[in-house]
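The values are calculated or read from the model by the stated rules, or taken from the named source; none is laboratory data. Computed from a predicted model, the values in this text were never measured in an experiment. Because the Cβ atoms are built from the backbone with ideal geometry, glycine has one as well, and the counts that use them run over all protein chains shown. Side chains included, ligands, DNA and RNA excluded: accessible areas come from the protein's heavy atoms. Shrake-Rupley method; radii C 1.70, N 1.55, O 1.52, S 1.80 Å.
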Amino acid sequence: MIENKVKRALLSGGTCVGTMITDARTPAIAQVLANAGFDYFILDTEHGAFSMETVADLMLMSRLVGIAPFVRVPDGEYPWIARTLDAGALGIMLPRVRTREQVEAFVRYAKYPPMGERGMAAGRGNTQYRGMKLAEYAPLANEATFLILQIETREAIENIDALLSVPGVDAALIGPNDLHMSYAVPGDSEHPTVSEAIQKVLDSANRRGLPCGTHVRDMQNLKGWRAKGMRLLMFSSDFGLMSQAGAAAVKELRAA
């Protein structure tokens, strides 16, 4: 079982930097992101058109090259969570979180007994196809699996203390686009109501010693939240990074 270096770093008070894979289907993207220095990525299977075969290929490659693979699942139902972890994901992000009951089910589905009720399927991508004794594997998997709540609704903000107090939750990550929509201020990243809501999440996470983060394309915005104490940082996406770098290069060359 490969140790989850991101989870270890965050538990010790460190900061980790990641991005989201939204469209790239080649396993080589894991190597590219690792080469760039990213600590982790989140593969988006909520909005992305990825098959489970592609998920499995990306999970295996990322573990081999040393970047932590996390997945945003489409929903909190058991098959999405268990199959994704069996494929080799070291962490799961649950979108559209609203209630404590959702979070409790999320933890149960992601953890083996006695912490939860995940079904056993060792010897897959989750062990990199190595045979392991079940009594040894289950506690290692429970310890390594990183569970992130995506906070992106007003209801989640109102219930944040109840959500983050569920045993087994490891982090909170803001989904700013949906959060802005929830507060009826789409696209206004500086709106005081949304900033206050995000600060409420950060404060709740800090009280529990949990890392908090956000996912944005604006570097100055991300640096601002880092200065306020966020440690689970997500910048842009696979195609966002390519588009941004490409546009900057074309602009510079045309100006020359």
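Please state the equivalent ellipsoid semi-axes for the chain: what are the square roots of 5 times the Cα gyration tensor eigenvalues, largest first, in whole Å? Can you show the working numbers first?
Working: eigenvalues 160, 116, 48 Å².
Semi-axes, largest first: 28, 24, 15 Å.
Working from Cα pairs under 8 Å separated by at least six residues, relative contact order for region 1-153 is 23 percent.
Using only helices, what value at 222 nm comes out for the chain when you add -39,500 (n - 2.57) per DSSP H run of length 4 or more and divide by the total residues, to the nearest 500 deg cm²/dmol?
On the way: 12 runs with 121 residues, N = 256.
About -14000 deg cm²/dmol.
Scalar couplings 3J(HN,Hα) for region 68-84, obtained by applying the Karplus form with A = 6.51, B = -1.76, C = 1.60 to θ = phi - 60°, are 6, x, 10, 9, 8, 7, x, 7, x, 6, 3, x, 4, 6, 5, 5, 5 Hz; x denotes Gly and Pro. Shown in residue order for region 142-147 are the 3J(HN,Hα) couplings computed by the Karplus curve 6.51 cos²θ - 1.76 cosθ + 1.60 at θ = phi - 60°: 4, 6, 7, 5, 10, 10 Hz (x for Gly and Pro).
For the cross-link pairs 5/133; 200/223; 111/133; 223/251, which exceed 20 Å when the distance is taken from alpha carbon to alpha carbon? Walk me through the numbers on the way to the answer.
On the way: 5/133 22 Å; 200/223 18 Å; 111/133 17 Å; 223/251 25 Å.
Checking Cα-Cα distances, 5/133; 223/251 exceed 20 Å.
Element breakdown for region 106-199 at a 1.4 angstrom probe: carbon and sulfur atoms account for 51% of the accessible area.
Using C-alpha pairs below 8 Å separated by at least 6 residues, the relative contact order for the chain is 19 percent.
Find the relative contact order for region 14-72 and round it to a whole percent, using C-alpha pairs within less than 8 Å whose residues are 6+ positions apart. Walk me through the numbers on the way to the answer.
On the way: 85 pairs, mean separation 25.6, N = 59.
Once divided by the residue count of region 14-72, the mean separation gives 43 percent.
Solvent exposure of the chain, expressed per residue, is 46 Å² of accessible area, with all protein chains present and a 1.4 angstrom probe.
Once fully extended, how much extra length lies between residue 256 and residue 227, figured as 0.36 nm per residue of separation less the alpha-carbon to alpha-carbon distance?
This chain segment gains 6.8 nm when fully extended.
Working ranking of peptides 102-109, 117-124 by packing, defined as the average number of other Cβ atoms within 10 Å per residue, highest first, is 102-109, 117-124. If the segment from residue 140 to residue 124 were pulled out straight at 0.36 nm per residue, it would be longer than the present Cα-Cα gap by 4.3 nm. Computed from phi, the 3J(HN,Hα) profile of region 101-107 under the Karplus parametrisation 6.51, -1.76, 1.60 (θ = phi - 60°) reads 4, 4, 5, 4, 5, 4, 5 Hz, with x in place of Gly and Pro.
Could you check what % of the DSSP bridge pairs in the chain are antiparallel, to the nearest 5? Around 0 percent of the beta bridges assigned by DSSP in the chain are antiparallel ones. Look at where the Cα atoms of region 75-149 and of region 4-35 average out, and the two centres are 18 Å apart.
First check a/c for region 1-101, with a ≥ b ≥ c the square roots of the eigenvalues of its C-alpha gyration tensor; if it is under 1.5, answer rounded, and if not, answer prolate when a/b is larger than b/c or oblate otherwise. Mind showing how you got there, number by number?
Numbers: a/c = 1.63, a/b = 1.14, b/c = 1.43.
Taking the square roots of the gyration eigenvalues as a ≥ b ≥ c, region 1-101 is oblate.
Bridging of residue 7 to aspartates and glutamates at a Cα separation below 14 Å is possible for 39, 143, 170, once same-chain residues fewer than 8 apart are set aside.
For the peptides 161-168, 186-193, the ranking by mean Cβ contacts within 10 Å, running from highest to lowest, is 161-168, 186-193.
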